[in-house]
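Here the structure is laid out as structure tokens; the discussion comes afterwards.
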Amino acid sequence: MTNVIVVVVIGVGSYLFRLSFIGAVGSRRTLPPALLRAFEFIAPSVLAALVLPALVRPEGAVDLSPGNLRLVAGILAALVAWRTRDVLLTTGVGLGALWILQAVT
């Protein structure tokens with residue numbers, strides 16, 4: 001029960017901290033254009049930080065070989081994302097490629 005209380009308190013504290021920033025900045029000032037442009041890169045950089053280690057280190061050690069099926073599927077998905085900018089298609093192609101590669105090998 002102690003763990004649940006700690007998680008709830010930290011979650012509420014985090015929420016209030018973020019809310020105070022948004023309220024303080026949003027009500028009195030406008031953010032500089034450079035900062036607004038930088039905010040656009042937060043989601044892609046977080047996604048890359050989460051996905052890239054899973055692609056290049058599937059077994060715990062760096063594996064850049066063609067035998068790394070996750071990396072091959074990830075590269076294919078990245079090419080689809082670059083050409084189409086369609087999140088759903090990119091996800092479908094990446095997952096489909098991984099499933100097919102795993103079934104074939």
Gain in length, Ala34 to Leu50, computed as 0.36 nm per residue apart minus the alpha-carbon separation, to one decimal in nm?
3.2 nm
Just order 74-84, 3-13 by mean Cβ neighbour count inside 10 Å, highest at the front, would you?
74-84, 3-13
Expected sort for Asp63, Asp86 with the fewest Cβ neighbours (10 Å cutoff) up front is Asp86, Asp63
222 nm mean residue ellipticity, helices alone, for the chain (DSSP H n ≥ 4; -39,500 (n - 2.57); rounded to 500)
-26500 deg cm²/dmol
In degrees, nearest 10, range 0 to 90: what is the angle between the Cα axis of helix 87-104 and the longest Cα principal axis of the chain?
40 degrees
For a distance above 20 Å, tell me the whole-number percent of Cα pairs in the stretch 31-104 that qualify.
40 percent
Contour minus end-to-end for Leu101 and Thr2, with contour as 0.36 nm per residue of separation and end-to-end as the Cα-Cα distance?
31.1 nm
Quick check on packing: order 53-60, 89-96 by the mean number of other C-beta atoms within 10 Å, highest mean leading.
89-96, 53-60
Please give the helix 2-28 orientation as an angle from the longest Cα principal axis of the chain, in degrees from 0 to 90, rounded to the nearest 10.
70 degrees
The chain: angle of helix 69-84 to the longest principal axis, Cα-based, in degrees nearest 10
70 degrees
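Read-outs throughout are calculated quantities, based only on the coordinates presented, and are distinct from any laboratory measurement. Please read these numbers as outputs of a predicted model, since none were measured by experiment. Backbone-built Cβ (ideal geometry, glycine too); neighbour counts: all protein chains shown.
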